[in-house]
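The numbers here are math on the coordinates, done by the rules we state, and not lab data. These numbers come from a predicted model, not from an experiment. Heads up, the Cβs are rebuilt from the backbone with ideal geometry, glycines too, and the neighbour counts pull from every protein chain shown.
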Amino acid sequence: MATITKQEMLALSGDEAIAYAVKQSDVDVIAAYPITPQTIIVERISDYVNNGEMDTEFVCTESEHSAITACLTAAAMGVRTFTSSGSAGLALMHEILYVTSGCRVPVVMAIVNRALSAPLNIHCDHTDSMVERDACWIQIYVENSQEAYDSIIQAFQIAEDPSILLPAMVMLDGFILSHTLENICVLSNEVVQKFVGTRQIPLVRNHEGKLVPFKLDPENPITMGPVSLPNFYLEQKRQQEEAIQESTQIIKKVHNKFAEISGRRYGNGLIESYHLEDADIAIICIGSTAGTVKTVVDQLRARGTKAGLLRIRTYRPFPTQDVIKALGNVKAIAVMDRSHSFGSQGGPIFHEIRHTLYEVPERPYITNYIYGLGGRDMPPSLLYEIYEDLEKILKIKRVENPVRFLGLRE
């Protein structure tokens, strides 16, 4: 069993914590374009490179589309790469996100969640990354800046695992985490570099029948992302599905390995349960809101209310079986979405949860709350309202209003 290593405490914002983790992770190429509230990440990284603290090729591109393309091509050549973005910047990357996963190159990207225009808004909601949930990127949402630091380090090892080879996003809430100072426990450079290791390149068979490294190399030519006609495309997409499903075990494994040296755990790496063992009512959410929910749960528990929380940490791949097991005893559930799927019934997490629980023999009552769009605050008083609604649902034994906009002025 590994021993928890000595750590240093630093006062860092969420953006700075991301940059510090990247500095320690022996990244070869970083390409980025600034966008609020992500800009501080690449500003700090450029400082590290300029000061000689990072031996990294730092590329300032003319757009986010170019940034992700530069990372894609660098990763395809076998090196470790990183970028970061959010909101309109992530939307501009949309085309290349699919190319990156389809080429099976393990780019790691930090997303500082910010609302999409119009109207123009620079504050937090999760619409930007939820739009990309089908791009075959691993998606990890963090609760606080400490978890952001830890998750970036883990993401390199997860994405680069030879059995996975898929890109990964780590999401943190814009301004709520990105610009808020927090005490962050950081590992030494040596410990982090040993943890992430050197990227291992698997062997594949090329057009000549030779086993060669899976990277772009003139000495051993292969093709990535070629034209794929109907008689091959479906099989290639199925391989991506198999890889991202397999990543659930790798995420757990890497999470546990990191916990052994850091002493920090986030549930099992996929979900985090909080007082769910005997809970009658529970909230499901992602991101920083979970921290406030935990405080409300503690206060309700002190009053004798059997309340709980399920935080989804890994949204892609969606941890179906873990969610079913964690909610086994819960009778009424409120799913909180900081984004909305316009024209459908509710938000994307709500859709996932209802779909996941559809075949469960004794399904709980499920309701949805759209909240916090554009950075709207989520005070404890509104969370109390949710738990009160759940208690009412248990009494009347039905859900009268399955989708509500929480805190809406009407």
| note | Listed residues LEU177, LEU300, LEU270; largest mean-square fluctuation, Gaussian network over the chain with Cα springs below 10 Å, found at LEU300
| task | Would you list which lysines come within 29 Å of LYS257, measuring only between C-alpha atoms, while excluding same-chain residues fewer than 8 positions from it? | result | LYS6, LYS23, LYS194, LYS215, LYS294, LYS325
| message | Could you give the length gained by full extension between GLU241 and LYS397, i.e. 0.36 nm per residue of separation minus their alpha carbon distance, to one decimal place? | response | 52.3 nm
| request: In Å and from the alpha-carbon atoms only, list the Rg and Dmax of region 197-271. | output: 17.5, 49
| request: Return the ratio Rg/(2.2 N^0.38 Å) for region 24-122, where Rg is computed over Cα atoms only. | output: 1.05
| said: What number results when the radius of gyration of region 126-232, computed over Cα atoms, is divided by 2.2 N^0.38 Å? | reply: 1.41
| field | Cα Rg, Dmax, region 150-210, angstrom units | value | 16.7, 55
| Roughly what % of Cα-Cα distances in the chain sit above 37 Å, to the whole percent? | 22 percent
| request: Between ILE4 and LEU211, with labels modelled 7 Å along Cα→Cβ, what's the label distance in nm to one decimal, could you check? | output: 4.3 nm
| Of all trypsin sites (Lys or Arg not before Pro) in region 4-69, which ones are in loop regions per DSSP and have a Cβ with at most 15 other Cβ atoms within 10 Å? | LYS6
| remark: Cross-link reach from LYS210 to lysines, straight Cα distance under 26 Å and at least 8 residues apart if same chain, gives LYS237
| message | Quick check on the exposure proxy: order ARG398, ARG376 from fewest to most C-beta atoms within 10 angstrom. | response | ARG398, ARG376
| task | Against the globular-protein guess of 2.2 N^0.38 Å, express the Cα radius of gyration of region 171-299 as a ratio, rounded to two decimals. | result | 1.55
| said: Can you report the principal axis dimensions of region 271-405 using only the alpha carbons, biggest first, rounded to whole angstrom? | reply: 38, 36, 29
| task | Could you tell me the distance between the Cα centroids of region 10-36 and region 119-159, to the nearest Å? | result | 14 Å
| Taking LYS395 as the anchor, which aspartates and glutamates have their alpha carbon closer than 19 Å to its alpha carbon, excluding any fewer than eight residues away along the same chain? | ASP278, ASP280, GLU362, GLU385
| What is the extension gain from MET77 to ASN183, computed as 0.36 nm multiplied by their sequence separation minus the C-alpha to C-alpha distance, in nm to one decimal? | 34.5 nm
| field | Footprinting exposure proxy for GLU277, GLU16 (fewest neighbouring C-beta atoms within 10 Å first) | value | GLU277, GLU16
| Given a Förster distance of 35 angstrom, what is the FRET efficiency for GLU410 paired with LEU120, based on the Cβ-Cβ distance and rounded to 0.05? | 0.90
| For region 365-410, max minus min Cα coordinate along each principal axis, in Å, sorted largest first? | 33, 18, 18
